[in-house]
1. Rank 236, 44, 71 by how far each Cα sits towards the positive end of the charge dipole of the chain (+1 on Lys, Arg Cβ; -1 on Asp, Glu Cβ) and give me just the farthest.
2. What size of dipole, in debye to the nearest 20, comes out for the stretch 14-310 about its Cα centre when the only charges are +1 on Lys and Arg C-beta atoms and -1 on Asp and Glu C-beta atoms?
3. Restrict the search to the stretch 204-290; then list the trypsin sites (Lys or Arg not before Pro) that DSSP places in a loop and that have at most 16 other Cβ atoms within 10 Å of their Cβ.
4. Calculated FRET efficiency, residue 56 and residue 307, Cβ-Cβ r, R0 35 Å, to nearest 0.05?
5. Tell me, what is the percent relative contact order of the chain, built from C-alpha pairs under 8 Å that lie six or more residues apart?
6. Mind checking the full-extension length gain between residue 315 and residue 123? Use 0.36 nm per residue of separation minus the Cα-Cα distance, one decimal, nm.
7. Could you pull out every one of the lysines with an alpha carbon less than 23 Å from that of residue 169, ignoring same-chain neighbours closer than 8 positions?
8. Rounded to the nearest 500 deg cm²/dmol, what is the calculated helix-only ellipticity per residue at 222 nm for the chain, with -39500 (n - 2.57) per DSSP H run of length n ≥ 4?
Amino acid sequence: MHLIRRPDVLSSEITAKAAYLDRRSFMASAAIGAAALATGGLLAPDEARAATAPREKLAGVRKSGWTVPETLTPYQDVTTYNNYYEFGTDKADPARNAHTLKTRPWTVRIEGECVKPATFGIEDILKLAPLEERVYRLRCVEAWSMVIPWVGYSLSELLKKVEPTGNAKFVEFTTLADPETMPGVRGRVLQWPYVEGLRLDEAMHPLTLLTLGVYGEVLPNQNGAPVRVVVPWKYGFKSAKSIARIRLVEKMPATAWNRAQPSEYGFFSNVNPEVDHPRWSQARERRIGEFRKRDTLMFNGYAEQVASLYTGMDLKRWF
Ligand code: MTE
């Protein structure tokens, strides 16, 4: 995500610009054309078609009150402009390569500091609580953002089932690392498996979404199928994809990006326009599909809901 060269012009700018200059003829190009543009034209037409094809609809999804007054990022961009390093480091690589991910059978083991450790099958996870659509902003640490209609329910619903003990202070997410199906795992860009973590109160916060779908359908592989978390007030890398194990632990877990570059990626990684990344500003962001940059909002616009979690903490120190 950040150890590699950053293109001077984001491919999304090209999309936005093309749309701006000639919306009509641009619209005439099929969704596939748009998807190809969003990823810098790197996806072959058949790859783009497969990456953006309709997927299984999720039944019984309710609209929720969680939404933002901004335009949704098109499905084509949500599914072809991705970070999923297990499938490669280019934005188009996950859409191109993640078809090899096997999402059935799938289990999530939950263990550690809890009374009832258990292994949950994905079918049971899908039925554990009512599915809601929640439109969240996703702000990547690389200073681009999207607005995405995720489907899922609060992670707390799942964690409650295993009854965390009083010693549980943090939650560690370990995601699948299978060298057979994930070409990126054969390289050393990160230490595999990808591990992320939250403080227990962050994990139990109602905004933290156990995510099973997007745009009313099951998650595309490149977006972290079959189950991921989405933590909307933190930089996108905290939102671990394709989760295989959750551990309740007493100590702050070591996480993949923090291990790789501790001075650049802190454990908390709350979206904060006042704390710059050592190599670039975090004050503004490029919304995928827009031309002008936007101001980045404190806690990505969720301060009202989450600022109290950090009362008294120096957010420059605990970045
Ligand atoms: N999870 C795993 N397992 N591997 C990854 O490389 N990338 C993270 C996060 N989760 C990543 C991951 C980053 S940097 C971002 S911005 C988001 O996923 C992107 O999610 P999206 O592709 O669905 O928008």
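1. 44
2. Working: 39 positive and 33 negative charges, 54 e Å.
So the dipole magnitude of the stretch 14-310 works out to roughly 260 debye.
3. On the way: sites: 228, 234, 238, 241, 245, 247, 251, 259, 279, 284, 286, 287; in loops: 241, 251, 279.
Filter output for the stretch 204-290: 251, 279.
4. Numbers: r = 38 Å, r/R0 = 1.08.
E(calc), rounded to 0.05, equals 0.40.
5. Numbers: 654 pairs, mean separation 59.5, N = 319.
Relative contact order here is 19 percent.
6. On the way: separation 192, 0.36 × 192 = 69.12 nm, distance 3.92 nm.
Full extension of this stretch gives 65.2 nm more.
7. Excluding near neighbours in sequence, the set is 116, 160, 161, 234, 238, 241, 251, 316.
8. Values: 11 runs with 71 residues, N = 319.
My calculation for the chain gives -5500 deg cm²/dmol from helical runs alone.
The values are calculated or read from the model by the stated rules, or taken from the named source; none is laboratory data. Here the structure is a predicted model, which is why all the values come from computation and not from measurement. Neighbour counts are summed over all protein chains in view; Cβ atoms, including those assigned to glycine, are modelled from backbone coordinates with ideal geometry. Quick note on the areas: whole protein, heavy atoms, side chains included, nothing else; ligands and nucleic acids left out. Shrake-Rupley method; radii C 1.70, N 1.55, O 1.52, S 1.80 Å.
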